[in-house]
Amino acid sequence: MESDKRVTPRNAFFRPVIIRLAGGRTVNGKTSNLSQGGLALMLAEPLQLNITCLVSFDVDFDNRFQKVNIVSQVCNISFSGLEGTRIGLKFLKFDGNSEAIIKSYLDFISTPSIDKESSDFK
C-alpha cells in the first residue's frame, strides 16, 4: 500500500473548476477539498494519471471572488462511476498571486473566531 504523500492539511472546498488540457480542450468539474499543495475534484470524464493541466477556479475570500490559475499534475484517480471521476491534483506552478490567495484563504478558514463578548479586550 502506498503511503499518503500529502504534507499540508486538506480543507473542505466546494467550487466549480475548469481543467484546461494540452491542445486547449477543457473539462468542467467541482472541487471537494483544497490544500496548499493540491486539490481534489470530481470530473464528468476521466483524465490520465500524471498528465499536466491548468486548473482554474474562484476563491470566495475577502468579500470578493478571486480567480486562481495553477499548473497541476493528476496524481490520483480514486473513483470512476456514474457520478464522475474523483481526481487528485498536485500543484506545480502558481500563476500570478494564486499561491498567496490560496494561502490567505486557508489561513483565514483555519483561524478560530474570537468571541468578543467573552474576550478580555472589552
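Quick notes on this one:
- Entry for Cα extents along the principal axes in Å (calculated from the structure that is shown) out of [x] 58, 35, 26; [y] 64, 24, 23; [z] 59, 28, 26: [x]
- Based on C-alpha pairs under 8 angstrom that are at least 6 apart in sequence, segment 11-98 has a relative contact order of 26 percent.
- Measuring nothing but how far apart in sequence close Cα pairs (under 8 Å, 6+ apart) lie, relative to its length, segment 59-116 scores a relative contact order of 32 percent.
- Signed unit charges on C-beta, dipole axis of the chain, positive-most listed residue L21, L92, L82: L21
- Note on N11 and D58: the extension gain reaches 15.4 nm, defined as 0.36 nm multiplied by sequence separation minus the Cα-Cα distance.
- Value at 222 nm in deg cm²/dmol, rounded to 500, when DSSP H runs of n ≥ 4 in the chain each add -39,500 (n - 2.57): -3500 deg cm²/dmol
Where a number appears in this text, it was derived from the coordinates with a stated rule and is not lab data. Keep in mind that this is a model prediction, so the values were computed, not measured. Cβ atoms come from the backbone with ideal geometry, glycine included; neighbour counts cover every protein chain shown.
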